[in-house]
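This report concerns only the one structure given below.
The values are calculated or read from the model by the stated rules, or taken from the named source; none is laboratory data. Source: prediction; values computed, not measured. Note that each Cβ is placed from the backbone with ideal geometry, even for glycine, and that neighbours are counted across all protein chains shown. When the accessible area is computed, the model is the full protein with side chains, heavy atoms only, and any ligands, DNA or RNA have been set aside. Shrake-Rupley method; radii C 1.70, N 1.55, O 1.52, S 1.80 Å.
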Amino acid sequence: MTSRGSAPPSLPRHVAIIMDGNGRWANLRGLPRVEGHRMGVRAVRAVVECARELRISCLTLYAFSLENWGRPEPEVLALMTLLKEFLVSELSLLLRHRIRLRVIGETSSLPFAVRKVLERTVSATAGNTEMTLTLGLSYAGRNEIVRAARRLAAEAAEGKIAPEEITEEMFSARLDTAGTPDPDLVIRTSGELRISNFLLWQSAYAEFAFTDVLWPDFGKAEFLQALEEYSRRHRRFGLTGEQAAKLPGK
Ligand code: IPE
Ligand code: IPE
Ligand code: MG
């Protein structure tokens, strides 16, 4: 599902962020890594508010990857505690700004207490329509693709669908992100130039913005800078510049 085609585009409809660099932020200050994660939560709050003010309709944040389970247990536990605290403390912000919370990832692996508070927050905000905030939790793009493939295979085995009739739209509809437009802009902080298993299917035609800023230092100014960079891009979706200029959304 390609979102809109515009050259140059103005404001992205969907921004996705790989929030990286919390550990290095803490190391630079001689603090434990968890302090970096704590400051990272503050950055999340600032970016959510900024996206909402700008009327961006979807914001997806990569908060914890499936691979991150391999980190030392105390760090994983601290991240889970911070997540629970964030969900409890930010409910009022989500309700006040009419933001709907969604989760993508293999959430069955999350601790029971985290799943409970997630379920509560998702259902309390389900009717909100101003913005969708999606958290990638225990998320990995390949894992999501495999789970979608399993669903399609099961449906085919039951005779509900014919394998040769499977389309990209049907595949998208079985991903965790079903119903959300593809990201227009993917931002990664901390100077790393990689995708780290994030939204592999969905970012086929996304624009990328990389910054050396470590996630805890990422704020409104950095967010606006990434949006400004995006507004200068010319998205072509495989077409010529002349054709792309005529795409809907121009
Ligand atoms: C991002 O910061 C947060 C998570 C991946 C959970 P990191 O913890 O990866 O910080 P660095 O990359 O080690 O600096
Ligand atoms: C990507 O950051 C995952 C999140 C931001 C949640 P990592 O720090 O886990 O990625 P790598 O290991 O540097 O690729
Ligand atoms: Mg990292």
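Below are the figures for this structure:
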| item | result |
| --- | --- |
| Accessible-area composition of region 164-204, carbon plus sulfur, in percent [1.4 Å probe] | 53 |
| The chain: DSSP helices with Cα axial extent of at least 15 Å and average Kyte-Doolittle hydropathy no lower than 0.5 | 73-89 |
| Carbon plus sulfur fraction of accessible area for region 1-128, probe 1.4 Å, in percent | 56 |
| R0 of 22 Å, Cβ-Cβ distance N128-F237: FRET efficiency to nearest 0.05 | 0.10 |
| Over the chain, relative contact order from alpha-carbon pairs under 8 Å, at least 6 apart, % | 34 |
| Dipole magnitude (debye, nearest 20) for the chain, charges at Cβ of Lys, Arg, Asp, Glu | 500 |
| Area accessible to solvent at R42, 1.4 Å probe radius, in Å² | 150 |
| Per residue accessible area of the chain, 1.4 Å probe, in Å² | 49 |
| Of A173, Y205, G191, farthest towards positive along the dipole that unit charges on Lys, Arg, Asp, Glu beta carbons give region 115-250 | A173 |
